[in-house]
1. Restricting the first residue to the range 82-94 and requiring it to be of a type in the set (A, V, I, L, M), which pairs with a second residue that is more than 10 Å from the ligand (Cβ to nearest atom) meet a Cβ separation below 6 Å and a spacing of at least six or different chains?
2. Against the condition in the same structural domain as V6 (by TED's automatic domain parsing), loosely packed, with under 11 Cβ neighbours inside 10 Å and at pLDDT below 90, how does G105 come out, does it pass?
3. Residues in the range 56-83 that are among the small types (G, A, S), at pLDDT 85 or above and either surrounded by 17 or more Cβ atoms within 10 Å (Cβ to Cβ) or not in a helix (DSSP H, G or I) (or both): how many?
4. Scanning the range 16-30 for residues that are out of contact with any Leu (no Cβ under 8 Å at 6 or more places or on another chain) and surrounded by 18 or more Cβ atoms within 10 Å (Cβ to Cβ), which turns out modelled with the highest pLDDT?
5. I need the full set of residues from the range 84-101 which are more than 6 Å from the ligand (Cβ to nearest atom) and exposed (fewer than 12 other Cβ atoms within 10 Å of the Cβ), in order please.
6. Going through the range 31-55 one residue at a time, which ones are modelled with pLDDT of 90 or more and assigned to a helix (DSSP H, G or I)?
Amino acid sequence: MKQIHVAKHAPEAHLVKGFLESNGITAVVRGEFLTSGWGELPADVCSVWIADDAQFERANELLIAFLTGGAAREHRGRHWRCPRCGEELEGQFTACWKCGTPRAGES
Ligand SMILES: [Zn+2]
């Protein structure tokens, strides 16, 4: 039994557990019973554990990819460069404000 992730709250712990189990890794959430109904307790008592130590390395790799990939999808401020005029644009623009060229991949 190895701890792989400390979650900020129970839903996050269960998200990680569900992700790992969808990849065939048996995971256990510990500590959630401490937070339910007891708002005074610290919120960081929720953690995810790998039942089989042999799966830990693979679980860790998957989890890093999962967490960083999820962060990248949420990151909306990514810059892009207009293919026509070379203007650098903020991620929220779907077309170049200078020449009107749409961002690659958008219609
Ligand atoms: Zn442009």
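The values are calculated or read from the model by the stated rules, or taken from the named source; none is laboratory data. None of these values were measured; they are calculated from a predicted model. Cβ: placed from backbone, ideal geometry, glycine included. Neighbour counts: every protein chain shown.
1. Once the first residue is of a type in the set (A, V, I, L, M) and sits in the range 82-94, its partners that are more than 10 Å from the ligand (Cβ to nearest atom) give L89/W80.
2. Criteria not met by G105.
3. Of the residues in that region, 1 qualify.
4. Only one residue tops the list, namely K17.
5. Answer for the range 84-101, where residues must be more than 6 Å from the ligand (Cβ to nearest atom) and exposed (fewer than 12 other Cβ atoms within 10 Å of the Cβ): G86, E88, E90, Q92, W97, G100.
6. Of everything in the range 31-55, those that are modelled with pLDDT of 90 or more and assigned to a helix (DSSP H, G or I) turn out to be D53, A54, Q55.
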